[in-house]
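Some notes on the structure that comes next.
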Amino acid sequence: MHRTGRSLPASMLLSIRDRRMQKANAGAPKRTGTTGTLVASYNVHKCIGIDRRFDPERTSRVIREIDPDVIALQEADNRFGDRDGLLDLSRLEHETGLVPVPIAANGKGHGWHGNVLLFKKGVVRDVHQIRLPGLEPRGAVVAEIDLDGNRTLRVIAAHLGLLRRSRSQQARVVLDIMNSPDEKPTLLLGDLNEWRLGNRSALNTLHVTFGPLPPAVPTFPSNLPLLALDRIMANRHGMISAVEAHDTPLSRVASDHLPLTAFVRL
């Protein structure tokens, strides 16, 4: 049977090799020679690091390292109880200029099913909170941001489920949000929880609008990333560039995921 994409073991070996090559040069994304809006996706794992320590300040320091223009966070709220928000967003705004996209009242939480979308400059024109199907409670935030009066960017910030069937259903909902591949520039950011490559991937349906998909960059687990669970996709060819993991000594311990970054040109 003909199959496309690398096998998982081959991807792991390449990831380990690349990890060794990049470790000595780890640091924040370099803007020199790269133009555009810096976007990121980061599963903060409820601010619990691989050392099992709850440390929201450490999580905020990673975000400051990245210094993004737009960032989608996952697991930024407690999952149960009052679903309290875990980060000091006021302090983060003071230190980075990042402000959250407003959502409807959600108790004490920062976001929608743990999804928080932050941006530095612009005006939010429209926001939707989408419930995603599946056995687990999952959601997506869809926001249209007028970046500078001339450029409008739509961002879909999502956290897909652990079950492949649920991910397939959720990917179809994302496609339903998109009316046609020719509409406004759109990014899909988030922890899409899909480690399979090639024909077995539950994300294959996204090729209709977001294909061809950019290379899958391993981000999980953060101390030895082998699986490309986190993704940044665009509905226009050439819109994103320099997709890479934000791999620093701090990010390797602050969460079980590395942040994923990319530059966007509209």
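List pairs: first in segment 61-82 and at pLDDT below 95 and open to solvent by less than 10 Å² (accessible area, probe 1.4 Å), second aromatic (Phe, Trp, Tyr) and in a helix (DSSP H, G or I), Cβ under 7 Å, 6+ apart or cross-chain? Once the first residue is at pLDDT below 95 and open to solvent by less than 10 Å² (accessible area, probe 1.4 Å) and sits in segment 61-82, no partner that is aromatic (Phe, Trp, Tyr) and in a helix (DSSP H, G or I) comes close enough. Scanning for something in a loop (DSSP other than H, G, I, E, B), surrounded by fewer than 18 Cβ atoms within 10 Å (Cβ to Cβ) and among the aliphatic types (A, V, I, L, M), does segment 236-254 turn up at least one residue? Checked segment 236-254: at least one residue is in a loop (DSSP other than H, G, I, E, B), surrounded by fewer than 18 Cβ atoms within 10 Å (Cβ to Cβ) and among the aliphatic types (A, V, I, L, M). Residues in segment 121-139 that are buried (at least 18 other Cβ atoms within 10 Å of the Cβ) and either at pLDDT 95 or above or over 20 Å from Ala76 (Cα atoms) (or both): Gly122, Gly134.
When the residues of segment 176-230 are filtered to those that are over 27 Å from Gly36 (Cβ atoms) and assigned to a helix (DSSP H, G or I), the one that is least open to solvent (accessible area, probe 1.4 Å) is Gly198.
Could you tell me which numbered condition Thr186 fails, if it satisfies all but one of (1) at pLDDT below 90; (2) closer than 24 Å to Leu118 by Cβ; (3) in contact with a Lys or Arg (Cβ under 6 Å, 6 or more places away or on another chain); (4) not hydrophobic (A, V, I, L, M, F, W, C)? Every condition holds for Thr186 apart from (1).
Conditions tested, residue by residue: (1) within 18 Å of the chain's Cα centre (by Cα); (2) open to solvent by 60 Å² or more (accessible area, probe 1.4 Å); (3) touching a residue at least 40 places away in the same chain (Cβ under 8 Å); (4) closer than 18 Å to Ile66 by Cβ.
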| residue | (1), (2), (3), (4) |
| --- | --- |
| Pro100 | yes, no, no, yes |
| Asp148 | no, yes, no, no |
| Arg151 | no, yes, yes, no |
| Ala158 | yes, no, yes, no |
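The values are calculated or read from the model by the stated rules, or taken from the named source; none is laboratory data. What you see is a predicted model, and the numbers here were worked out from it, not measured in a lab. Backbone-built Cβ (ideal geometry, glycine too); neighbour counts: all protein chains shown. Just the protein is used for accessible areas: all its heavy atoms, side chains included, with ligands, DNA and RNA removed. Shrake-Rupley method; radii C 1.70, N 1.55, O 1.52, S 1.80 Å.
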